[in-house]
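Every number here is computed from the coordinates shown, using simple stated rules; none is lab data. Computed from a predicted model, the values in this text were never measured in an experiment. As a convention, Cβ positions derive from the backbone with ideal geometry for all residues, glycine included, and neighbour counts pool all protein chains shown.
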Amino acid sequence: MAKHKLIYQIYPSAVGDLRDISAKIPLIADKLHPDYIWLSPIFQSPWVDGGYDVSDYCKIDPRFGTMRDFRHLIEVAKKHDIGILLDLVINHTSIEHQWFRKSELHDPWYKDYYVWLDKPLNWKSFFGGPAFDYSQLRGKYYLHLYDRAQPDLNFNNPRVIKEFTDIINFWKKEGIAGFRVDSANVLAENNLKRGRIPGLPGFFNYYQTPSTIFVLEKLLANKGLFTLAEPVGGEFFSKRKFHELTDKAFDASFNVGTLDVADSFFSIKDRIYPVNYKRWFKKLAKWSVEPAFSMALESHDAPRAPSRFDVNPRVLAMLQFLLPSYNPCIYQGQELGTLNADLSMNINDYPGVQSRQIYRRLRREGKTKRQAMAVVRRTSRDNARQPIDWGEYILQGRQPSSVLNFYSDIIMLWRQDPVIRDGALKVAKATKQGVFEFYRILDKKRYFIHLDFSMKTPSYLKDDHDNIVIRVK
Ligand code: GLC
């Protein structure tokens, strides 16, 4: 089990192509020293879901360059002691993948690569609308837990497992350090029955089923790779936590639920909920002590955290790195305190399939264009997918009191201070208004941390002798 690994996530199109990314690695390494860089998908894709719809897993999408560029990137990263993690989008392919094309045509080898039914079930997709769509060519319905352009693979078929074994080996030979595994808890459906839960029918048929756990172990256990899971769906209703079930397959679990609990189900982006700080802090305290937990406050799937919480980004950095945080993940630009983008009021300007679906849903519910766009602009994950301002990066690098240097210092503390690294956690206070106080204790040494998300009081860390080590107004 890996412990104390810092992961840095890059959403490639916000940086450029692979050469651009390689050129930025020294800058990132100099300030943050991540152990791993996780690249969101760079594989060939028609880009219906920003690369999370792959049409060939062993080809680099031409927008990012060539295999030579990729090898160069691996080398540059190695020089800085950074391992590259690729994003294994495994639950589904693009509708344009050859496997799907052949499956639709009933090719004998490929016909069971996807989940085909004669009659659709009443399951709903995560992006809204039914989870089954009709294929004229095949004369059957196929499952898609996400968009209709992202058909779900059938992991109960050993041939599909074999395909991914080959894909994993292919990239391993190219020198990658591991994978982030997309939608890792919904790979294989146990039953194909009508669902019973209103809201998200079908739920129990696809969340962390025994067959999913089996597939993950088969693909990832003992492969000598660093593996980061992305379980979707927040806290789950299951009795056992995903990372306990998958401890053989994964080193760490990037928990989207971290973002969700702040305001109850933020992954449902068609409502703006007030932040329930007390609940959020309590959850974070409970989860952060688990070694497999990857603490992340931003990703390519959520708007920028300082905008969402309306707080000084340094307070967020304190939350992320002063709680026990074994495998924290920083999302590109987070270390600059990047705010939400000034997104367009015209839905046609949004590349992401999710924003468009939310917009359509809100309009169907009777919201005016303006009202619908006000929600989309604030909650859209496109906020986090905008180009990074590298000029700002260099500027902040030179200013001792910048957000970037704050991140740099707090990461150093997280790596080197034994109390922050290994100290026990004791929560003293968590209020609805956004005050969170806790101790970190190791042997006879004790730190007290006061965080105030309402910004009414300064946030600080003080030691046993009442010396203020960090202070943020
Ligand atoms: C994951 C990704 C998200 C994508 C979805 C479908 O949740 O993080 O960006 O849309 O899977 O692949």
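Give the distance, in whole Å, between the Cα centre of the stretch 287-310 and the Cα centre of the stretch 62-85. Comparing the Cα centres of the stretch 287-310 and the stretch 62-85, I get a distance of 26 Å.
Subtracting the Cα-Cα distance of A424 and N191 from 0.36 nm times their residue separation leaves 79.7 nm of extension gain. Peptide packing for 33-43, 58-68, 458-468, 12-22 was compared via the average number of neighbouring C-beta atoms within 10 Å per residue; ordered from the highest value, the list is 33-43, 12-22, 58-68, 458-468.
Relative contact order for the chain: what percent, with Cα pairs under 8 Å and sequence separation of 6 or more? Working shown, then result.
Working: 955 pairs, mean separation 60.8, N = 473.
Computed value for the chain: 13 percent relative contact order.
Beta bridges from DSSP with both residues in the stretch 1-152: antiparallel share about 55 percent, rounded to the nearest 5.
Pairs exceeding a 31 Å alpha-carbon distance, out of K5/K218; K78/K283; K369/K432: K78/K283; K369/K432. What the phi angles of the stretch 138-149 give under the Karplus curve with 6.51, -1.76 and 1.60, with θ = phi - 60°, is a coupling list of 8, x, 9, 9, 10, 7, 9, 5, 10, 5, 4, 7 Hz, glycine and proline written as x. Using a simple spin-label model with points 7 Å from Cα along the Cα→Cβ vector, what separation in nm is obtained for D389 and E437? So the two model labels end up 3.6 nm from each other.
For the stretch 393-473, what Kirkwood radius comes out of the mean inverse Cα-Cα distance, in Å? Don't skip to the end; give the middle numbers.
On the way: mean 1/r = 0.0725 Å⁻¹.
Here the Kirkwood hydrodynamic radius works out to 13.8 Å.
Packing here is the average count of other Cβ atoms within 10 Å per residue, and on that basis the peptides 358-371, 279-292, 166-179, highest first, run 279-292, 166-179, 358-371. Label zone of H106 (point 7 Å out along Cα→Cβ, amide N under 15 Å): in the stretch 136-157 this covers 136-141.
Note on T457/R63: beta-carbon distance plugged into 1/(1 + (r/R0)^6) with R0 of 56 Å gives a FRET efficiency of 0.75. The distance linking the stretch 153-168 with the stretch 28-54 is 22 Å (Cα centroid to Cα centroid, whole angstrom). Each principal axis of the Cα cloud of the stretch 331-397 was evaluated for its coordinate range; sorted largest first, these ranges are 47, 18, 17 Å.
Please work out how much length the chain gains when fully extended from R446 to R240, using 0.36 nm per residue of separation minus the C-alpha to C-alpha distance, in nm with one decimal.
Values: separation 206, 0.36 × 206 = 74.16 nm, distance 3.26 nm.
Taking 0.36 nm per residue and subtracting the Cα distance, the gain is 70.9 nm.
Straightening the chain between D409 and E174 buys 81.3 nm, computed as 0.36 nm per residue apart minus the Cα-Cα spacing.
Per the Kirkwood formula applied to alpha carbons, the stretch 103-261 shows a radius of gyration over Rh ratio, Rg over Rh, of 0.97.
Summary of the geometry: the stretch 95-136 and the stretch 174-195, compared by the centres of their Cα atoms, lie 17 Å apart. On the basis of the beta-carbon distance and an R0 of 45 Å, R364 and H33 show a calculated FRET efficiency of 0.40.
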